[in-house]
Amino acid sequence: LPGMRSRQSGFSLREMLFVVGIMGVLSTIAIAQIAQAVPAMKADGAMRVVMGQLNTARELAISQRRYIQVKFIAPNQMQVIRTDVNAAGAVTGTTLLSTVTFESGITYNIVAGLPDTPDAFGIATPVSFGAAATIQFATDGELVDQTGSPLNGTIVVASPLIKNSSRAVTVFGATGRVRGYRWNAKAWVLV
């Protein structure tokens, strides 16, 4: 229309600074949350590896009718080893079936002040199976020691010095049942 001024629309500098400020605050919060979540996700991965290897060892012991030994090698390695026997049942040696290494700095580790899991098998050390020299699955799926006695135990993995990254795997010897727990800053939560 003649005589009317055209109005230009847009954002003022004040509005732009306000939006940029909000984006900065949200970005800072997101980065902080991600920084806290990363060690927990890495520990979850290591816990799943331990659980997977233990379940695989148990299934191999049952299906192959052989004792399957599990070794926890500090700081972050695990091996599954089959005991080989001849036709007469005499031990002829062993075969290494798998070796896994935890990634991302996760180790067998108990962060100070961590209580025992609800299964109460003990966590005196990161790999707690009492005085057992050998940890192995028998042909019926039991977890036993070198004398054939059922063996309960707990394996704890964590990122060093980060208590909330603590994860525990328990094994009930009589059945070979494997359970995973996540520390949530207050209690162990079954996974």
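The values are calculated or read from the model by the stated rules, or taken from the named source; none is laboratory data. Keep in mind that what you see is a predicted model, and the values were worked out from it rather than measured. Note that we place each Cβ from the backbone using ideal geometry, even for glycine, and neighbour counts take in every protein chain shown. All accessible areas refer to the heavy atoms of the entire protein, side chains included, with ligands and DNA or RNA removed. Shrake-Rupley method; radii C 1.70, N 1.55, O 1.52, S 1.80 Å.
Can you tell me which residue within the range 95-123, out of those that are among the aliphatic types (A, V, I, L, M) and within 23 Å of Ile81 (Cβ to Cβ), is farthest from the chain's Cα centre (by Cα)?
If we take residues in the range 95-123 being among the aliphatic types (A, V, I, L, M) and within 23 Å of Ile81 (Cβ to Cβ), then Leu96 is farthest from the chain's Cα centre (by Cα).
State all residues of the range 28-39 that are open to solvent by 60 Å² or more (accessible area, probe 1.4 Å) and not aliphatic (A, V, I, L, M); if no residue qualifies, say none.
If the condition is that a residue be open to solvent by 60 Å² or more (accessible area, probe 1.4 Å) and not aliphatic (A, V, I, L, M), then Thr28, Gln33, Gln36 are the ones that fit.
Yes or no, residue by residue, for (1) under 21 Å from Arg182 (Cβ atoms); (2) out of contact with any Asp or Glu (no Cβ under 8 Å at 6 or more places or on another chain):
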| site | (1), (2) |
| --- | --- |
| Met41 | yes, yes |
| Arg48 | yes, yes |
| Val70 | no, yes |
| Ala132 | no, no |
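Taking the range 135-176 as the search range and keeping residues that are surrounded by fewer than 16 Cβ atoms within 10 Å (Cβ to Cβ) and within 19 Å of the chain's Cα centre (by Cα), which one is nearest to Leu114 (Cα to Cα)?
Lys163
If Gly113 meets every condition in (1) closer than 18 Å to Ser165 by Cβ; (2) modelled with pLDDT under 95; (3) open to solvent by 70 Å² or more (accessible area, probe 1.4 Å) apart from one, which number is that one?
(3)
Identify all residues within the range 140-191 that are assigned to a loop (DSSP other than H, G, I, E, B) and in contact with a helix residue (DSSP H, G or I) (Cβ under 6 Å, 6 or more places away or on another chain); write none if there are none.
Residues satisfying the conditions are Gly141, Ser159, Ile162, Gly176, Ala185.
What number of residues in the range 53-74 are surrounded by fewer than 15 Cβ atoms within 10 Å (Cβ to Cβ) and not polar (S, T, N, Q)?
4
Among the residues of the range 177-191, what is the count of those that are over 14 Å from the mean Cα position of the chain (by Cα) and of a type in the set (A, V, I, L, M, F, W, C)?
Looking only at that region, the number is 2.
Sort through Ser98, Ser128 and tell me the only one that's part of a strand (DSSP E or B) and either hydrophobic (A, V, I, L, M, F, W, C) or open to solvent by less than 30 Å² (accessible area, probe 1.4 Å) (or both).
Ser128
Condition (residue is under 17 Å from Ala57 (Cα atoms) and assigned to a strand (DSSP E or B)) applied to the range 105-116: is it met by at least one residue?
no
Suppose we filter Ile106, Ile123, Ile81, Ile110 for residues that are in contact with a Leu (Cβ under 6 Å, 6 or more places away or on another chain) and of a type in the set (Val, Ile, Thr); which single one remains?
Ile81
Does the range 14-27 contain at least one residue that is out of contact with any Pro (no Cβ under 8 Å at 6 or more places or on another chain), modelled with pLDDT of 95 or more, acidic (Asp, Glu) and open to solvent by 70 Å² or more (accessible area, probe 1.4 Å)?
Checking the range 14-27: not a single residue is out of contact with any Pro (no Cβ under 8 Å at 6 or more places or on another chain), modelled with pLDDT of 95 or more, acidic (Asp, Glu) and open to solvent by 70 Å² or more (accessible area, probe 1.4 Å).
So if I check each of Val38, Val50, which one is assigned to a helix (DSSP H, G or I), under 18 Å from the mean Cα position of the chain (by Cα) and more than 30 Å from Ile135 (Cα to Cα)?
Just a single option satisfies the conditions, and that option is Val38.
Among (1) under 23 Å from Leu151 (Cα atoms); (2) in contact (Cβ under 8 Å) with a residue 12 or more places away in the chain; (3) not acidic (Asp, Glu), where does Gly113 come up short?
(1)
Determine whether Ala124 is among the small types (Gly, Ala, Ser), farther than 13 Å from Gln53 by Cα and at pLDDT below 95.
For Ala124, the condition - among the small types (Gly, Ala, Ser), farther than 13 Å from Gln53 by Cα and at pLDDT below 95 - is met.
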